[in-house]
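Asks: This structure is in structure tokens; I'll ask about it shortly.
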Protein chains: 2
Amino acid sequence: MKNVEVCVTPELVHLYGVENKIVVVVDILRATSCMTTALAHGVISVTPVATLEECKALKDRGYLAAAERDGKTAEGFDLGNSPFTYMDRDLLKGKKLATTTTNGTLAITKSVKADEVVIGSFLNISSVASYLIQQEKDVLIHCAGWKGKLNLEDTLFAGALIDLLKDHFDFENDSAMAAHCLYQCGRHDMFDFLKNSSHAKRLNRLNIYKDIQFCLSRDVYQVVPVLRNGELVDLEPAALEASAGA
Amino acid sequence: MKNVEVCVTPELVHLYGVENKIVVVVDILRATSCMTTALAHGVISVTPVATLEECKALKDRGYLAAAERDGKTAEGFDLGNSPFTYMDRDLLKGKKLATTTTNGTLAITKSVKADEVVIGSFLNISSVASYLIQQEKDVLIHCAGWKGKLNLEDTLFAGALIDLLKDHFDFENDSAMAAHCLYQCGRHDMFDFLKNSSHAKRLNRLNIYKDIQFCLSRDVYQVVPVLRNGELVDLEPAALEASAGA
């Protein structure tokens, strides 16, 4: 049986290894939720970068560029880091997007040797689960965490994804069981559960609660973002069908 | 309010820091359970070492020495790694003990800059909790884990200890909340919960189930093992009372 494991922070990913696996990178608040939203609203690709400078450099090459400072779109950038800023199809359609994220970019960078890197969020959780079930590979759910520590929201997502995979994958390893258990514990009111998380307290503003509520919404979109040469693109529905038939 | 945090593996302890804190080192299966049992049965001190060679060297200097290979007391040693081998008061009383443990020794070594290093297990959980409540210091529960990864049994203990501390400490950080949640999930049948853990599967023998059952028993002993110059000794009841009165 295929195996699914959970790595709760990029600091530990060397212990799990990414080779020959599909790695699902998750940074629920808010990087992977925003990437998913952007691809669902027509961008061609999303390039995650670690710094404002790199993001600015891509903007100078014609990308739409996203960066947030103090809860607002940073000066000179086109979009912020709230998923609600990624819903303007007229602005996004056909464009390439560059976005800043520290924890998310680190998790992606540390996953590049995987057979496939997939971006997961609650917004596309069932599409990601269907894709994983169709493949004949072990899966590592790679949580971006926060500054090297585990965080609740990413681990909670890992547990929710395992819950969808559990009839198709062996998940009897300690990290996966712990994540699944966390999800059992928090599933009935994830928003309330997360209100006390360090992320919510860090961003103790009205807007972040609206963002959190949205980032916890399941299956709003059907995209499956995958990494191709440093860019995240939506896996074509045709490719999905082909892989299902293979 | 004092703060309690959880570090799920020694690989992450640099992110939390141990300075100015009381660090509770936990390696439920079976290092810290054995240390607690040994101190409760009369040994003067327990010296944790990482290798058989170091353990043998201390045996040559007159220590009782504990080491296990293939589920039995290793040749040339006095005790194995099952807590049941640490209950012979006639053998243990007044002796110094050296014991091999890889994950546990690493967690202790990485905690030495703390204000105090305390050894925790279910066997002495309430005594440890009482001690922590009496002190005016932040606490870090440092799980030994397994080869750098988090494990269920140590994280479960962290959650159980937080449950005893929760009226006296702030635990609204993500790792502590996750551990507490894991405990809520597994508390009603910890043995059943752990039967699927990687440790239990690794040691899939009749004896290990007996060991696990015992290592999950609460408050069998009242010792509070603390680190003094590389040796674990039981904190004197007089010292406990003095600190309570301070």
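Throughout, read-outs are computed from the coordinates displayed, never taken from laboratory work. No experiment lies behind these values; they were computed from the predicted model shown. For neighbour counting, all protein chains shown are included, and Cβ atoms are generated from backbone atoms with ideal geometry for every residue, glycine included.
Asks: Using just the C-alpha positions of the protein assembly as shown as equal point scatterers, what log10 of I(q)/I(0) does the Debye formula give at each q in 0.06, 0.07 1/Å?
Replies: Results for the protein assembly as shown at q = 0.06, 0.07 Å⁻¹ read -0.31, -0.41.
Asks: Computed on alpha carbon atoms, what radius of gyration and Dmax characterise segment A:102-200, expressed in Å?
Replies: Answer for segment A:102-200, Rg first and Dmax second: 13.4, 38 Å.
Asks: I'd like the distance separating the alpha-carbon centroids of segment A:118-197 and segment B:93-111, in whole Å.
Replies: 35
Asks: Compute, for the protein assembly as shown, the length of the dipole vector about the Cα centre, with Cβ point charges of +1 (Lys, Arg) and -1 (Asp, Glu) only. Units Debye, rounded to 20.
Replies: Details: 52 positive and 64 negative charges, 64 e Å.
Computed charge dipole of the protein assembly as shown: roughly 300 debye.
Asks: Using unit Cβ charges (K, R positive; D, E negative) and no other charged atoms, how large, in debye to the nearest 20, is the dipole of segment A:1-97 about its Cα centre? Walk me through the numbers on the way to the answer.
Replies: On the way: 12 positive and 13 negative charges, 74 e Å.
Rounded to the nearest 20 debye, it is 360 debye.
Asks: Using 0.36 nm per residue of separation minus the Cα-Cα distance, give me the extension gain between B:ASP60 and B:ARG218 in nm, one decimal.
Replies: Working: separation 158, 0.36 × 158 = 56.88 nm, distance 3.51 nm.
The B:ASP60-B:ARG218 span can extend by a further 53.4 nm.
Asks: With the radius of gyration and the Kirkwood radius both derived from the Cα set of segment B:1-62, what is their ratio Rg to Rh? Numbers along the way, then the final one.
Replies: On the way: Rg = 15.1 Å, Rh = 14.4 Å.
When Rh is taken as the Kirkwood radius, the ratio is 1.05.
Asks: With labels modelled as points extended 7 Å from the Cα through the Cβ direction, what inter-label distance (nm, one decimal) is found for B:GLU172 paired with A:ASN3?
Replies: Reported label-point gap for B:GLU172 and A:ASN3 is 4.0 nm.
Asks: Also, quick follow-up: What spacing in nm lies between the two simple spin-label points modelled at A:SER126 and A:THR51, each 7 Å away from Cα in the Cβ direction?
Replies: So the two model labels end up 4.3 nm from each other.
Asks: Closest to the B-onto-A rotation axis, which residue of chain B has its Cβ, and how many Å off the axis is it?
Replies: B:CYS185, 3
Asks: Okay, next question. Among the listed pairs A:LYS21/A:LYS210; A:LYS110/B:LYS149; A:LYS95/A:LYS147, which are separated by more than 24 Å between their Cα atoms? The partial results should precede the final answer.
Replies: Details: A:LYS21/A:LYS210 34 Å; A:LYS110/B:LYS149 17 Å; A:LYS95/A:LYS147 31 Å.
Long pairs (Cα-Cα over 24 Å): A:LYS21/A:LYS210; A:LYS95/A:LYS147.
Asks: Here is a further query. So between A:THR102 and A:ASP192, what do we pick up on full extension, going 0.36 nm a residue minus the alpha carbon distance? Don't skip to the end; give the middle numbers.
Replies: Working: separation 90, 0.36 × 90 = 32.40 nm, distance 2.58 nm.
Gain on extension, A:THR102 to A:ASP192, equals 29.8 nm.
Asks: Please compute P(r) over all alpha-carbon pairs of segment A:2-228, binned at 10 Å starting from zero, and give each bin as a whole-number percent.
Replies: 9, 36, 38, 16, 2
Asks: Check chain A for me: any Cys whose beta-carbon has no other cysteine beta-carbon within less than 4.7 Å?
Replies: Cysteines lacking a close Cβ partner in chain A: A:CYS7, A:CYS34, A:CYS55, A:CYS143, A:CYS215.
Asks: If you put +1 on each Lys and Arg Cβ and -1 on each Asp and Glu Cβ, how big is the dipole of chain B around its Cα centre, in Debye rounded to 20?
Replies: Values: 26 positive and 32 negative charges, 152 e Å.
It works out to roughly 720 debye.
Asks: OK, next. Given R₀ = 25 Å, what would the calculated FRET efficiency be for B:VAL112 paired with B:LEU91, taking r from the Cβ atoms and rounding to 0.05?
Replies: On the way: r = 29 Å, r/R0 = 1.17.
About 0.30, to the nearest 0.05.
Asks: Turning to a different aspect of this structure: Once Lys and Arg get +1 and Asp and Glu get -1 on their Cβ, which of A:PHE77, A:LEU152, B:LEU235 lies farthest toward the positive end of the dipole of the protein assembly as shown?
Replies: Comparing the listed Cα positions along the dipole, A:PHE77 ranks first.
Asks: What nm distances, shortest first, do you get from the label point of B:ARG89 to those in the other copies when the point sits 7 angstrom along Cα to Cβ?
Replies: Inter-copy label distances (nm, one decimal, shortest first): 8.0.
Asks: Picking from B:CYS143, B:PHE214, B:PHE171, whose Cα lies most toward the positive end of the charge dipole for chain B (charges on Cβ: Lys, Arg +1; Asp, Glu -1)?
Replies: The listed residue farthest towards the positive side: B:PHE214.
Asks: While we're here: Given only helices, namely DSSP H runs of n ≥ 4 each adding -39500 (n - 2.57), what is the per-residue ellipticity at 222 nm of the protein assembly as shown, to the nearest 500 deg cm²/dmol? Don't skip to the end; give the middle numbers.
Replies: Numbers: 24 runs with 204 residues, N = 492.
When only DSSP H runs of four or more count, the value is -11500 deg cm²/dmol.
Asks: Which one of A:VAL117, A:LEU91, A:ALA129 is farthest out on the positive end of the charge dipole of segment A:69-142, using unit charges on Cβ (Lys, Arg +1; Asp, Glu -1) and the Cα centre as origin?
Replies: A:LEU91
Asks: For A:LYS72, go 7 angstrom from Cα along the Cα-to-Cβ vector, then report the distances to that same point in the other copies in nm, smallest first.
Replies: Spelled out, the distances from A:LYS72's label point are 7.5 nm.
Asks: Still on this structure: For B:GLN213, place a label point 7 Å out from Cα along the Cα→Cβ vector, do the same in each other copy, and report the separations in nm, one decimal, smallest first.
Replies: 5.1
Asks: Considering chain A as a Gaussian network with a 10 Å cut-off on Cα pairs, which listed residue, A:TYR131, A:TYR86, A:TYR183, attains the greatest mean-square fluctuation?
Replies: Comparing A:TYR131, A:TYR86, A:TYR183 in the GNM, the peak value goes to A:TYR131.
Asks: Considering chain B as a Gaussian network with a 10 Å cut-off on Cα pairs, which listed residue, B:HIS142, B:HIS168, B:HIS41, attains the greatest mean-square fluctuation?
Replies: Maximum among the listed residues: B:HIS168.
Asks: Suppose R0 equals 45 Å; then what is the FRET efficiency for A:ILE133 and B:LYS137 from their Cβ-Cβ distance, rounded to the nearest 0.05? Write out the running numbers ahead of the final one.
Replies: Details: r = 49 Å, r/R0 = 1.08.
Result of the calculation: an efficiency of 0.40.
Asks: With a Förster radius of 56 Å, plug the Cβ-Cβ distance of B:ARG228 and A:ASN229 into 1/(1 + (r/R0)^6) and report the FRET value to the nearest 0.05. It would help to have the intermediate numbers written out before the result.
Replies: Numbers: r = 57 Å, r/R0 = 1.02.
For R0 = 56 Å, the calculated efficiency reads 0.45.
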